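Okay, structure first, notes after.
The values are calculated or read from the model by the stated rules, or taken from the named source; none is laboratory data. The structure displayed is predicted, hence computed values, not measured ones. Glycine also receives a Cβ, built like all others from the backbone with ideal geometry; neighbour counts cover every protein chain displayed. Note: areas computed on protein heavy atoms with side chains; ligands, DNA, RNA excluded. Shrake-Rupley method; radii C 1.70, N 1.55, O 1.52, S 1.80 Å.
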Amino acid sequence: AQSVAQPEDQVNVAEGNPLTVKCTYSVSGNPYLFWYVQYPNRGLQFLLKYITGDNLVKGSYGFEAEFNKSQTSFHLKKPSALVSDSALYFCAVREYNNNDMRFGAGTRLTVKP
Amino acid sequence: DAGVIQSPRHEVTEMGQEVTLRCKPISGHNSLFWYRQTMMRGLELLIYFNNNVPIDDSGMPEDRFSAKMPNASFSTLKIQPSEPRDSAVYFCASSPRAGVEKLFFGSGTQLSVL
């Protein structure tokens, strides 16, 4: 079955600095990869996805993610972090023709002024 | 569209009581998912339905948990009898179709079993 790993429980960055939230995946076929964000007391919100094509995917709120097949990674990035980006971020994977979406454990991003 | 609607928003009950969580997916979505979120275990997939049919319930913790989807616009997750370790946030999500589509999440039900 497919799975994702988020190796960092917590990421701290200063406002204005670039941020990276890491994700690696494991699937038997072609992966469909997703990033979601969760703010306190809210459901998960979709940020971006990779299905096929360009390895660099752009999403909401200035976020982007880079798909790297050889490293089986899909790291989330943003050139300049905002305090309002502080939240819980989840990486998720779905396999082709499979309804099952699996989430990583989540990474808490804290952006300090 | 109002999005995925879950009720109740909060539920506090005593151990041994029956708990029913409700979900209304986005109209036209064919897939529905139930997830449970805890600090210890993160976000766990409990069960998902495709066209109202349960496809994979391997994530359901034990027989105390059951889920139904009697029609395309309604699903329930029932816990009977409830236990303190069931305390968690339960999310419902829906998706237009299998595979490439993102999930749309409800706001969740915060369940506390005393």
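With segment B:24-114 as the region, which strands (runs of 3 or more DSSP E) entirely inside it contain at least 2 residues that are closer than 23 Å to B:T13 by Cβ, of a type in the set (G, A, S) and open to solvent by 10 Å² or more (accessible area, probe 1.4 Å)? Outline the logic, then answer.
On the way: elements: B:31-38, B:42-50, B:53-56, B:65-71, B:74-79, B:88-95, B:109-113.
Passing ranges, in order: B:65-71.
Any chance you could count how many residues in segment B:31-60 are among the basic types (K, R) and facing chain A (nearest Cβ under 10 Å)?
Keep residues of segment B:31-60 that are among the basic types (K, R), which gives B:36, B:41.
Applying the additional criterion that residues be facing chain A (nearest Cβ under 10 Å) yields B:41.
Total meeting the criteria: 1.
Run down A:S80, A:S70, A:S86 and say which single residue is over 20 Å from B:K102 (Cβ atoms) and free of Cβ contacts under 8 Å to residues at least 12 places away in the same chain. First the steps, then the outcome.
On the way: A:S80 fails: free of Cβ contacts under 8 Å to residues at least 12 places away in the same chain; A:S86 fails: free of Cβ contacts under 8 Å to residues at least 12 places away in the same chain.
Result of the check over A:S80, A:S70, A:S86: A:S70.
What residue, of A:L88, A:L109, A:L76, is under 15 Å from A:P7 (Cα atoms), within 12 Å of another protein chain (Cβ to nearest Cβ) and at pLDDT 95 or above? Full working, then the answer.
Numbers: A:L109 fails: within 12 Å of another protein chain (Cβ to nearest Cβ); A:L76 fails: within 12 Å of another protein chain (Cβ to nearest Cβ).
When all the criteria are applied, what remains is A:L88.
When residues of segment A:41-98 are filtered for being part of a helix (DSSP H, G or I) and either farther than 25 Å from B:M39 by Cα or open to solvent by 40 Å² or more (accessible area, probe 1.4 Å) (or both), how many remain? Give the derivation first.
Our first condition is that a residue be part of a helix (DSSP H, G or I); within segment A:41-98, this holds for A:60-62, A:83-85.
Cutting the leftovers down to either farther than 25 Å from B:M39 by Cα or open to solvent by 40 Å² or more (accessible area, probe 1.4 Å) (or both) gives us A:60-62, A:83-84.
Count: 5.
Got a sec? Which of A:Q10, A:Q6 is within 14 Å of chain B (Cβ to nearest Cβ) and surrounded by fewer than 19 Cβ atoms within 10 Å (Cβ to Cβ)? It would help to see each step written out before you state the result.
On the way: A:Q6 fails: surrounded by fewer than 19 Cβ atoms within 10 Å (Cβ to Cβ).
Answer to the check: A:Q10.
Since B:I5 meets every condition but one in (1) of a type in the set (A, V, I, L, M); (2) open to solvent by 20 Å² or more (accessible area, probe 1.4 Å); (3) at pLDDT below 95, which condition does it not meet?
(3)
If I filter segment A:47-57 for residues that are within 14 Å of another protein chain (Cβ to nearest Cβ) and within 22 Å of B:G108 (Cα to Cα), do I get at least one hit?
yes
Check B:A72, B:A67 and return the single one that is away from every other protein chain (no Cβ under 11 Å), out of contact with any Phe, Trp or Tyr (no Cβ under 7 Å at 6 or more places or on another chain) and either farther than 23 Å from A:N41 by Cα or not basic (K, R) (or both).
B:A72
Find all pairs meeting these conditions: Cβ atoms under 6 angstrom apart; at least six residues apart or on different chains; first residue within segment A:4-27 and more than 21 Å from A:F67 (Cα to Cα) and in a strand (DSSP E or B); second residue open to solvent by less than 50 Å² (accessible area, probe 1.4 Å) and of a type outside the set (V, I, T).
Listed pairs, sorted by first residue: A:V13/A:L19; A:V13/A:A81.
Could you please find all residues in segment A:1-56 being within 11 Å of the chain's Cα centre (by Cα) and farther than 14 Å from A:A92 by Cα?
A:T20
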